Amino acid sequence: MNTEFHSLAQIAPGHTVRVRKLHLSGAIRQRLLDLGLIEGTRVQCLNRSPAGDPTAYLIRGAVIALRGKDSSKIEVFECR
């Protein structure tokens, strides 16, 4: 089975992925963990701001905006 991994920042609006790993540290990592962004969590990309950053994601029923510098450090894989 060939599974491709991407960063959350690369996901287009309308697509849903699952979290594989967080490559973050410190307060932002803890905050995302507290929000339930753990391995296996489904995340849907909703839309990007007109300037392209931040991007809104649907995570466990809540809409959360993440900056590109943070979402680029979240490793995800496509739901099949």
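The C-beta contact set for the range 8-35 (first residue within 12 Å of ASP70 (Cα to Cα), second residue assigned to a helix (DSSP H, G or I), distance under 6 angstrom, 6+ apart or interchain) comprises LEU8/SER71; ALA9/GLY68; ALA9/SER71; LEU22/ARG29; ILE28/ASP70. Search the range 49-72 for residues that are acidic (Asp, Glu) and pair each with any residue that is exposed (fewer than 15 other Cβ atoms within 10 Å of the Cβ) when their beta-carbon atoms are under 9 Å apart and the residues are at least 6 apart or on different chains. Note: pairs meeting the criteria are ASP53/ARG67; ASP53/LYS69. Only a single criterion out of (1) surrounded by fewer than 13 Cβ atoms within 10 Å (Cβ to Cβ); (2) more than 12 Å from the chain's Cα centre (by Cα) is not satisfied by ASP53, namely (1). Across the range 46-65, the number of residues qualifying as touching a strand residue (DSSP E or B) at 6+ places or on another chain (Cβ under 6 Å) and assigned to a strand (DSSP E or B) comes to 11. With the requirement that a residue be assigned to a helix (DSSP H, G or I) and among the polar types (S, T, N, Q), what does the range 23-45 give you? Result: GLN30, single match.
Quick note: the coordinates plus some simple rules give every number you see, no bench work behind them. For clarity, every value in this text was computed on a predicted model and none was experimentally measured. Cβ: placed from backbone, ideal geometry, glycine included. Neighbour counts: every protein chain shown.
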